[in-house]
Amino acid sequence: MIDSKHARAVVISRRDVSSDLWIVHIRPEQQVTFLPGQYLTIGLPGGARLVERPYSVASSPAEPDLEFFLELVPGGQLTPQLYNVPVGGEVLIRPTAKGRFLFDHSSGHRNHFLVATVTGVAPFLSMLREMASRVTVPYRVALLDAASVSRELAYLEELTALAGRSPWLDYIPTISRPWLEAAWRGEVGRADDLARKYLDSLGFTPAETTAYACGNPNMVENVKGIFQRAGFPKDSIKHEVFWLAEKGD
C-alpha cells in the first residue's frame, strides 16, 4: 500500500555508463513538477521499511520523463537495489521536488561558472537543457565537467554538441587520469586544478559572475576556497554536495 506521499514510477530506459554509473529514465504515475537543479527522493522497500535517497534530476522540466544519473555504492542500502531494477520495473518516488541549488537568474550577473564531478553534472544538465529551449539566453555560461576517465563524462557528446550550437555556452570536459587514455585530446587535470585557470581565461570576474560547484565534497570544498580567494563573495557561490547522500545509501 502506497501512502499519499509517494507515487509509483516505471523504469522506461537505462544506459550503463560504466560498471558503477548508469543513467535511468523513469515515468511517474502522476505529474511531477520541479525547477532545474532540484532533487527528487526515490525509494524501494527495504525489509520492514522504505529506503529512500534524494537524487538531482538531470532532465529539464519540459521533458515527459524523469532522468537520473546514478552511482552504485557497494554495500549501500539503496543503490545496489536500484541498480538491479530492470526496465519495466518499479520504484517509488516522492512527487514533491526540493532543493535550492538553482540557477541564479536574480543575481544580475551575466557570467555563470559551473563546476561538476561525475554525477554532479546532473543538476547542471537540467539547467542547460532548460536554457537551450529558450529563444535567447542572456548569459555566458561555462561548465567545467571533471572525471577520472572520459567514460565517466556521461554527457560528453550531448554537451559538446550543445556548446557547438550555443554561443552562450563553453563546455570544458577534463580527466584526471590521462595515462589511462592515450587517445584523449581534451583538457587534463582535476576540477580543483583548473577552476582558476578558466575563470581567468574566460574573464569571469567576481563582480560579474555567479559560481557553482556540485559533486564530490572534497572538490566542492576546494573549489569554494578557490572562488573565495579569487574574490567571490559568499552569496555568489552556490554549492551542492552529492557524495554524502550517495555514500550513505
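Would you check the chain for Lys pairs whose C-alpha atoms are within less than 30 Å, ignoring same-chain pairs closer than 8 in sequence, and give me the count? The result is 15. Which whole-number percent gives the relative contact order of the chain, counting Cα pairs below 8 Å spaced six or more residues apart? Taking the mean separation of contacting Cα pairs over the length of the chain, I get 19 percent. Taking the Cα atoms of the stretch 5-56, the ratio Rg/Rh between the radius of gyration and the Kirkwood radius comes to 0.98. Calculated from the structure at hand, Cα extents along the principal axes in Å is found among (1) 55, 42, 32; (2) 55, 38, 31; (3) 71, 33, 33 as (1). Take 31-37, 126-132, 82-88 and order them by the average number of nearby Cβ atoms within 10 Å per residue, most first; the result is 126-132, 31-37, 82-88. A simple charge model with +1 on the Cβ of Lys and Arg, -1 on the Cβ of Asp and Glu and nothing else charged puts the dipole of the stretch 111-247 at about 120 debye relative to its Cα centre.
Taken together, the values in this text are just the output of simple stated rules run on the coordinates, not laboratory data. Predicted model only: the values in this text are computed from it and were never measured. With ideal geometry, Cβ positions are generated from the backbone for all residues, glycine too; neighbour counts draw on all protein chains shown.
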